[in-house]
Amino acid sequence: MTDIAKNIEIIEERVDASAKKTGRRRSDITIVAVSKTVDAYAVEQAVKAGMRDFGENYVQEYLKKREVLNDTLNWHIIGPLQSNKVKYILDGVCLLHSLDRLSLAQEIERQCENKGTQISALVQLNIGKEPTKSGIYEEDLQCFIQDASVMRRIRLKGLMAIPPAAFQADDNRPYFEKLRRLFDRCKAEYPEFEYLSMGMSDDFEAAIEEGSNVVRIGTAVFGARSN
Ligand SMILES: *Cc1c(COP(=O)(O)O)cnc(C)c1O
C-alpha cells in the first residue's frame, strides 16, 4: 500500500521547489490529483492530505465517485470525451481539459444552451502529432480557437497537452517550451487564457520549470495503477 499522505507531501515540496526556480510559489500551481481507477477511499485520503482538485478520464467513474464524496471538491475531466457523455459533465465539472475537436465544442455549446449553463475548457493540443493521441495540431490552433471562442457557453481558459512518452523527464522540455510559447501567444490575444495544463508524474518538475501552472499527477499520488 502506498502512503498517499506521504506521497503528497513529497509532491508539494517538489512543486514548490520547481515553482521557485521560475519566481513563482506553490500556490501559483494547481495540482490535479489524477484519480482514475482508484477508489473513493483513496480520494478521501488525498483530500485529508490537502488535495482539492481531482482529474478523471471516464465519465461513469467520475459520476460514481462524485456521488459518494462531498461536493466541495474540484473535478476535472482530462480524458477524451465522447459527445454522448457531454450531458453528464455540465453541472459538476470545474474544468474540461480535453476539448479536442470542433464537433465536441458544438455539442457542448448546444447542451449548455439547453441547460442554461456554461463550462470552462482547455484546448487539447496533440503537440507530438501522435496518431494514438487526440488533440488539435499546432498549426490549426488559431483557427480552432477562433471558431470555439464565438461559442458563448464555452469559456476557453488555456491549453492542455500530453507530450510523447519520454525516457527521461528532460526529454520533453522542448515540447513544454513550445507549448509555453503557444500559450503566451494565445494569452496575448485572449486575456481569459489562464491555465497551461502540462506535466504528469514523471515530468511535472520540467513542465513547471518551462511554465506549466496545472500539473496532472496520478501515479506519484496514488501509486501504480493496476488497470
Ligand atoms: C492518467 C493521466 C495522467 C496522470 O498520469 P500519471 O503518469 O499517472 O501521473 C495525466 N493526464 C492524463 C490526460 C491522463 O490520462
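Can you give me the distance in nm between label points at Q146 and E44, each placed 7 Å from the Cα along the Cα-to-Cβ direction?
5.2
Rolling a 1.4 angstrom probe over the protein chains, ignoring ligands and nucleic acids, what is the accessible area of R110 in square angstrom, nearest 10?
Its accessible surface works out to 130 Å², give or take rounding.
Would you work out which of I162, L69, T132 lies farthest towards the positive end of the dipole of the stretch 4-222? Charges go on Cβ: Lys and Arg +1, Asp and Glu -1.
L69
For the stretch 95-148, report the accessible area per residue in Å² (1.4 Å probe, heavy atoms, rounded to an integer).
Working: 2320 Å² over 54 residues.
Value for the stretch 95-148: 43 Å² per residue.
May I ask you to evaluate 6.51 cos²θ - 1.76 cosθ + 1.60, the Karplus curve with θ = phi - 60°, for each residue of the stretch 69-75 and list the ³J(HN,Hα) values in order in whole Hz, giving x for glycine and proline?
Going residue by residue, I get 9, 6, 8, 7, 7, 9, 9 Hz, with x marking Gly and Pro.
What number comes out for the charge environment of Q142, summing +1 per Lys or Arg and -1 per Asp or Glu over other residues with Cβ under 12 Å away?
Values: positive: R185; negative: E138, E139, D140, D147, E189.
Net local charge, Q142 excluded: -4.
How large is the accessible surface of L179 in square angstrom, using a 1.4 angstrom probe and rounding to the nearest 10?
0
Using the Karplus equation 6.51 cos²θ - 1.76 cosθ + 1.60 (θ = phi - 60°), what ³J(HN,Hα) coupling, rounded to whole Hz, does each residue of the stretch 173-188 give in order, writing x for Gly and Pro?
3, x, 5, 4, 5, 5, 5, 4, 5, 4, 4, 4, 5, 5, 4, 4
Probe radius 1.4 Å, ligands and nucleic acids ignored: give me the carbon and sulfur share of the accessible area of the chain as a rounded percent.
C and S atoms contribute 47 percent here.
Which one, I78, V34, A121, is farthest towards the positive end of the dipole of the chain when Lys and Arg carry +1 and Asp and Glu -1 on their Cβ?
A121
So what's the gap between the Cα centers of the stretch 20-88 and the stretch 126-147, to the nearest angstrom?
24
What figure in square angstrom, to the nearest 10, would you give for the accessible area of D170 with a 1.4 Å probe?
90
The values are calculated or read from the model by the stated rules, or taken from the named source; none is laboratory data. Note that the structure is a prediction, hence the values are computed from the model and not measured. Here Cβ is always computed from backbone atoms with ideal geometry, including for glycine, and neighbour counts include all displayed protein chains. Ligands, DNA and RNA are stripped out before the accessible areas are found, and what is left, the full protein with its side chains, is counted by its heavy atoms. Shrake-Rupley method; radii C 1.70, N 1.55, O 1.52, S 1.80 Å.
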